[in-house]
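Engineer: Dumping the structure here so I can ask a few things about it.
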Amino acid sequence: MKISFFLALLFPLFFPAQDFANFARYQKQNDSILSENIAVNTVFMGDSITEGWWNDDPGFFRKNNFAGRGISGQTTSQMLLRFREDVIKLHPKRVVILAGINDIAENTGPISLDKVFGNIVSMAELAQANNIKVILCSVLPAYEFGWRKGMQPAEKVLKLNLMIKDYAQKKHLPYIDYHTAMKDSRNGLDAQYTQDEVHPNLLGYQKMEEILMKTLKK
């Protein structure tokens, strides 16, 4: 009993508490939006690709009253946890969900494509239950991960995108196909749109904006 109690006291020292979903990342921005009663048009939920979008082209977000809620490295499991804080509580008209590449990279451990897809569906259902329109995006092409070699993501991305597209069609949701317009012959991200084969450069984000806005302007 004494040993167990001693270990319980030491546990937080060796294994400090973690904010797995990273709720803290946008807490100040979210609090500011709510306190000032700012009407957000669209929230972009995602990972480093969405975070980098804001960093590379903030004017696109500002002029359209969009809010970027991307966190580098995150998987769909983490996004689902913070979906209420970073999307629902802001009461946007729409949410643009771009997610899944870090699950394929196994950033938080192995996970099946079915479960990745399930997390995306759960986010969509949460949004709809709160009268937020849902826009689902294809995962961008990827042939290799610089931070995790040998994962062979290209085929997995195609399979996940097919699942997302089929769901969007069945539920009559807009589906934004970045993959077809931005892939190369290997089903990787075309070199003109990236420096590292995964994350878009400014030209890549501008191409995504062109594709996305055709749907948002309808």
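The values are calculated or read from the model by the stated rules, or taken from the named source; none is laboratory data. Treat the numbers as computed from the prediction; the structure is a model and nothing was measured. Here Cβ is always computed from backbone atoms with ideal geometry, including for glycine, and neighbour counts include all displayed protein chains. Please note that ligands, DNA and RNA were not included when accessible areas were found on the heavy atoms of the full protein model with its side chains. Shrake-Rupley method; radii C 1.70, N 1.55, O 1.52, S 1.80 Å.
Engineer: Out of the residues in region 105-122 that are farther than 17 Å from residue 140 by Cβ and assigned to a loop (DSSP other than H, G, I, E, B), state the one that is least open to solvent (accessible area, probe 1.4 Å).
Structural biologist: Residue satisfying both the conditions and the ranking: 109.
Engineer: A follow-up question, please. Going through region 47-68 one residue at a time, which ones are farther than 17 Å from residue 176 by Cβ and either among the charged types (D, E, K, R) or assigned to a loop (DSSP other than H, G, I, E, B) (or both)?
Structural biologist: Within region 47-68, 51, 56, 62, 63, 65 qualify.
Engineer: If you check residue 125 against the conditions, is it surrounded by fewer than 18 Cβ atoms within 10 Å (Cβ to Cβ) and touching a residue at least 24 places away in the same chain (Cβ under 8 Å)?
Structural biologist: no
Engineer: Quick check on residue 93: is it closer than 22 Å to residue 213 by Cα, among the basic types (Lys, Arg) and open to solvent by 70 Å² or more (accessible area, probe 1.4 Å)?
Structural biologist: Answer is yes for this residue.
Engineer: Sticking with this one: Anything in region 47-81 that is under 26 Å from residue 111 (Cα atoms) and open to solvent by 70 Å² or more (accessible area, probe 1.4 Å)? List them, or say none.
Structural biologist: Answer for region 47-81, where residues must be under 26 Å from residue 111 (Cα atoms) and open to solvent by 70 Å² or more (accessible area, probe 1.4 Å): 72, 81.
Engineer: For region 137-152, which residues satisfy the criterion of being of a type outside the set (Phe, Trp, Tyr) and surrounded by fewer than 23 Cβ atoms within 10 Å (Cβ to Cβ)?
Structural biologist: 144, 146, 148, 149, 150, 151, 152 - these are the residues of region 137-152 that are of a type outside the set (Phe, Trp, Tyr) and surrounded by fewer than 23 Cβ atoms within 10 Å (Cβ to Cβ).
Engineer: For residue 133, work out the one condition from (1) in contact with a Ser or Thr (Cβ under 9 Å, 6 or more places away or on another chain); (2) crowded, with 17+ Cβ neighbours inside 10 Å; (3) not β-branched (Val, Ile, Thr) it doesn't fulfil.
Structural biologist: Just one mismatch for residue 133, condition (2).
Engineer: Could you run through region 167-176 and say how many residues are out of contact with any Phe, Trp or Tyr (no Cβ under 8 Å at 6 or more places or on another chain) and surrounded by 15 or more Cβ atoms within 10 Å (Cβ to Cβ)?
Structural biologist: The total comes to 3.
Engineer: Contact list please: Cβ distance under 8 Å, first residue in region 83-95 and in a loop (DSSP other than H, G, I, E, B), second residue open to solvent by 70 Å² or more (accessible area, probe 1.4 Å) and of a type in the set (D, E, K, R), pairs at least six apart or on different chains.
Structural biologist: Close Cβ pairs (under 8 Å, with a partner that is open to solvent by 70 Å² or more (accessible area, probe 1.4 Å) and of a type in the set (D, E, K, R)) amount to 93/133.
Engineer: Filter region 181-218 down to the residues that are over 24 Å from residue 55 (Cα atoms) and either surrounded by 15 or more Cβ atoms within 10 Å (Cβ to Cβ) or in contact (Cβ under 8 Å) with a residue 24 or more places away in the chain (or both) and list them by number.
Structural biologist: 184, 186, 187
Engineer: Give me the residue from region 1-46 that is loosely packed, with under 10 Cβ neighbours inside 10 Å and part of a loop (DSSP other than H, G, I, E, B) and, out of that set, modelled with the lowest pLDDT.
Structural biologist: Filtering first and then ranking leaves 1.
Engineer: Moving on to the next point. With the structure loaded, tell me whether residue 102 is modelled with pLDDT of 95 or more, open to solvent by 30 Å² or more (accessible area, probe 1.4 Å), among the polar types (S, T, N, Q) and not in a strand (DSSP E or B) or whether it fails that test.
Structural biologist: No.
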